[in-house]
């Protein structure tokens, strides 16, 4: 049986972000269908504790470690190879919930110095990547209304971006708590789809269930009060979705040749 070893990296970068405004971008539209041409052919996507409850119904949640900083972050697994997204289906995203980092499209949060109540503050503002393949002037959802107000689509994007911003901060605190209690352990997914096809997905981490179960009452109470105990349980529960991914892979009948090129990848 051939086994393909995979280590995932980041998603589509933002290359030309500018501050969004209703003058320069009055005709801006965003293509909202999904496909490889929009950067959606990825094997994982970053996710955040603030969306765990929705994400865990559809996707396995794991952790990864940034090699530059040593910090952990959460990901939702979309496939078993670097460029394999099993949720893509003829321009649709075949799940009830689309993770925020995908749903945000070409938008991101930046900061602008503003005077608020007599104080200088860095306030969050929406930027748009004008080089993003979803950006259009001829098709897709309008960003602004004809007279300059925010469209319903942009209001939705603003909500998604707020969730991401809050999720980043919650994630930092959550991982600090998990690390202090030594609750994070490495894991390799050894996936056997058939006698001839299998995958070893490397570089992932998860919650050590034995150490979680052995925590004293005080530690459990502190995790619970912070909301992190629920997060740990949602991560553990989500991993049953690996079987869902396996079933999707079998139904699709795909054999991703890109994984073979990744053979021998290290953690």
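Summary table below
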| item | result |
| --- | --- |
| Some residue of the stretch 223-231 being assigned to a helix (DSSP H, G or I) and within 21 Å of residue 44 (Cβ to Cβ) | yes |
| Residue list for the stretch 144-167, filter: within 18 Å of residue 14 (Cα to Cα) and in contact with a helix residue (DSSP H, G or I) (Cβ under 9 Å, 6 or more places away or on another chain) | 157, 160, 161, 164 |
| The stretch 73-118, subset touching a helix residue (DSSP H, G or I) at 6+ places or on another chain (Cβ under 6 Å) and not in a loop (DSSP other than H, G, I, E, B), residue farthest from residue 14 (Cα to Cα) | 76 |
| Set 135, 128, 98, 45: member being buried (at least 16 other Cβ atoms within 10 Å of the Cβ) and closer than 21 Å to residue 205 by Cα | 45 |
| Which listed residue is crowded, with 16+ Cβ neighbours inside 10 Å and in a helix (DSSP H, G or I), from 191, 235 | 235 |
| Members of the stretch 202-222 found to be part of a strand (DSSP E or B) and over 17 Å from the mean Cα position of the chain (by Cα), listed by number | 202, 207 |
| Residue list for the stretch 59-69, filter: assigned to a loop (DSSP other than H, G, I, E, B) and surrounded by fewer than 19 Cβ atoms within 10 Å (Cβ to Cβ) | 66, 67, 68, 69 |
| Residues of the stretch 70-94 that turn out to be at pLDDT 95 or above, out of contact with any strand residue (DSSP E or B) (no Cβ under 8 Å at 6 or more places or on another chain) and surrounded by fewer than 18 Cβ atoms within 10 Å (Cβ to Cβ), as a count | 1 |
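The values are calculated or read from the model by the stated rules, or taken from the named source; none is laboratory data. Fair warning: this is a prediction, and the values are worked out from it, not measured in the lab. Reconstructed Cβ throughout: ideal geometry from the backbone, glycine too, with neighbour counts over all protein chains shown.
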